[in-house]
């Protein structure tokens, strides 16, 4: 059989029976769209978060009391500095500020604006920020989510914090952090470290925790041992543990959807198999006629294979393209909330396009093989019966 | 074909460096890299550092073995 004739016949068949194929294409597109969407969101978030982790310190040390993390003595900073092989020891002051009237919370982070590196990073981040003006009065930088929340509650220029001592602290809103930072800074308030201490009632001799680097990887375990010998009430968190936690967070959510996908695809394939194995007179007649005019079983299977491969390809490309547009162009409205939560401030994140071609290949494989099998097996069953019987 | 072309053009022209750079600067300044999950106040915001409390009774802090050991 000449290939051009075969292709012509295949095209005619596809167009003639398009109403029959539209249903299968539609369901396939929906399934592939949903799965690709979830995988795109999880891989994009994972990629962005792991990139930010590169700038993080190797270790975080905090004091524990009765199994709970409590404020860490500031004098530990100097003690840790004395350990050989340790660099860039920095205290952190941060915590969540609960806004009782609406039940929302902000992440308040105190930083040292006089630190040269922080100063430079801030100037690069917010080009119009005048640090002299910023530090001349109590000012803060807020994430976009915080800005929208405060604006909705008529705090347009400043916000008044209630301190644990019962006094009030008015802080001016100096700038809003860029929208691209929403992934980590949507609910964040950055202010000078002294103001943060005052808001949380943390004394001068205390910090929330301490971070430091150990440039030589081979020394990591040794440093942990030294810390445990130095302080008995200490908890040391390594960057590699945090990295695993981030990976698991989105793997878990992606995995959950993968299970749902498997359930859906199995149901779909079962419906498809049942539909094709049912005694459809037109289907049987068509195969019977082709057999009667001299088509071999192989030719019939080839025809059915290419016919359904076209459906699979069209569905797959449409599903993936629509998912890409939904996630990376429209920024996944509604579905992003499953990954980012919706219990506090609303967050709109810009997703960085991350397409793992290996993953897409696997989706195609897991979708195409059962689909083709569900169609080809019943077609083969009809093709092997004598044409006279098949057309009955 | 138009859709595929548009997607390819978006993918190839997207400048990832800008947003990554901003995220890294924030992370470097604050020393925090945890995603800004919109979670209730009793749920952990800083992943791995915070402990999850009981969502049914958010005010009730978890009791564990260490609480009894260190109880004064």
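The values are calculated or read from the model by the stated rules, or taken from the named source; none is laboratory data. On a predicted model such as this, the values are computed, not experimentally measured, just so you know. With ideal geometry, Cβ positions are generated from the backbone for all residues, glycine too; neighbour counts draw on all protein chains shown.
Checking residue A:365 against (1) more than 14 Å from chain B (Cβ to nearest Cβ); (2) under 30 Å from residue B:19 (Cβ atoms); (3) without any contact (Cβ under 8 Å) to a residue 40 or more places away in the chain: exactly one of these is not met. Which one?
Here residue A:365 meets the rest and fails (2).
For the range A:64-180, which fully contained helices (runs of 4 or more DSSP H) count at least 3 residues that are farther than 25 Å from residue A:341 by Cα and more than 11 Å from every other protein chain (Cβ to nearest Cβ)?
A:75-81, A:131-136
Here is a check on your reading of the model: is residue B:6 more than 22 Å from residue A:238 (Cα to Cα), at pLDDT 85 or above and more than 7 Å from every other protein chain (Cβ to nearest Cβ)?
Against the criterion (more than 22 Å from residue A:238 (Cα to Cα), at pLDDT 85 or above and more than 7 Å from every other protein chain (Cβ to nearest Cβ)), residue B:6 qualifies.
Go through the residues of the range A:195-207 one by one and say whether even a single one is in contact with a strand residue (DSSP E or B) (Cβ under 9 Å, 6 or more places away or on another chain), in a strand (DSSP E or B), within 14 Å of another protein chain (Cβ to nearest Cβ) and at pLDDT below 90.
no
Looking only at the range A:228-248, which residues are touching a strand residue (DSSP E or B) at 6+ places or on another chain (Cβ under 9 Å) and in contact (Cβ under 8 Å) with a residue 60 or more places away in the chain?
Once the filter is applied, which keeps residues that are touching a strand residue (DSSP E or B) at 6+ places or on another chain (Cβ under 9 Å) and in contact (Cβ under 8 Å) with a residue 60 or more places away in the chain, the range A:228-248 yields A:231, A:233, A:234, A:235, A:236, A:237, A:238, A:239, A:242.
Just to verify a result, which residue in the range A:37-53, among those that are surrounded by fewer than 21 Cβ atoms within 10 Å (Cβ to Cβ) and at the interface with another protein chain (Cβ under 7 Å from one of its Cβ atoms), is nearest to residue A:90 (Cα to Cα)?
The residue in question is A:53.
Which members of the range A:201-252 meet the condition of being more than 24 Å from residue A:95 (Cβ to Cβ) and surrounded by 19 or more Cβ atoms within 10 Å (Cβ to Cβ)?
A:214, A:223, A:250
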